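A.B. asks: One structure coming up, written as C-alpha cells, with questions to follow.
Every read-out reported here was derived from the displayed coordinates using simple, explicitly stated rules and does not represent laboratory data. These figures come from a predicted structure and were not determined experimentally. Using ideal geometry, Cβ is built from the backbone for each residue, glycine included, and neighbour counts are taken over all protein chains shown.
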Amino acid sequence: MGKILSSFTKNNSPFAVIIKTVDETVTSSTVLQNDNDLFFVAKANKIYIVEFRLIAEEGGGGLDTVWAIPSGTMFLNDGNWDNSAVADALPATTELGIAASGTDERAFQMHLWLRNGVTEGTVNFQWAQSVSNANATTVMAGSHIIVYESQ
C-alpha cells in the first residue's frame with residue numbers, strides 16, 4: 001500500500017490518507033494492472049466516502065482506468081478529468097472506468113461512494129495504456145486517496 005500519511009478517527013468514523021510516493025510506469029501494455037499503492041480494504045457492510053486525486057502522464061499511449069470493487073458493492077461516483085465531467089451510478093458492477101489519450105500530464109479528481117456488501121474485499125485502482133506504446137504511461141507520485149469509513 002502507498003504511504004499512509006495519516007489515519008484518524010473523527011466523530012467515531014475512521015479515515016485514512018494514502019499517498020503514492022513514487023512514480024509508477026507501464027509501457028507497451030493495455031492489460032489493466034492493480035496500482036502498487038492506491039487501494040484499500042472495504043469491510044463488510046460498511047459505507048465509504050472516497051476522495052481520489054490522480055496525476056498522470058499519458059506518454060502517447062493514453063490511460064485506461066478502472067476501480068475494481070468487491071462483488072455486491074453499490075458504487076456511485078462523480079469526477080473531473082482536466083475540465084471534462086464524468087458521472088456514473090453503478091449498482092451491480094465490479095468495475096468503473098475512464099479513458100483519456102494524449103501525451104500530456106493530466107490531473108483527475110473523483111468522489112466515490114461505496115456501500116460494501118456482506119464480503120470484505122479490496123478496492124483497487126487499476127490502470128493501463130489505452131493503446132500499446134513504447135513511451136511510458138505514468139501514474140505520478142502525489143496521487144492519493146482519502147478514505148472515510150461510515151459507522
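A.B. asks: Mind giving me the nanometre distance, one decimal, between the label points for ALA44 and THR30, set 7 Å out from Cα along Cα→Cβ?
C.D. replies: 4.0 nm
A.B. asks: Write down Rg/Rh for region 112-151, rounded to two decimals, with Rg from the C-alpha atoms and Rh from the Kirkwood relation over Cα pairs.
C.D. replies: Working: Rg = 15.2 Å, Rh = 13.8 Å.
Result for region 112-151 is an Rg/Rh of 1.10.
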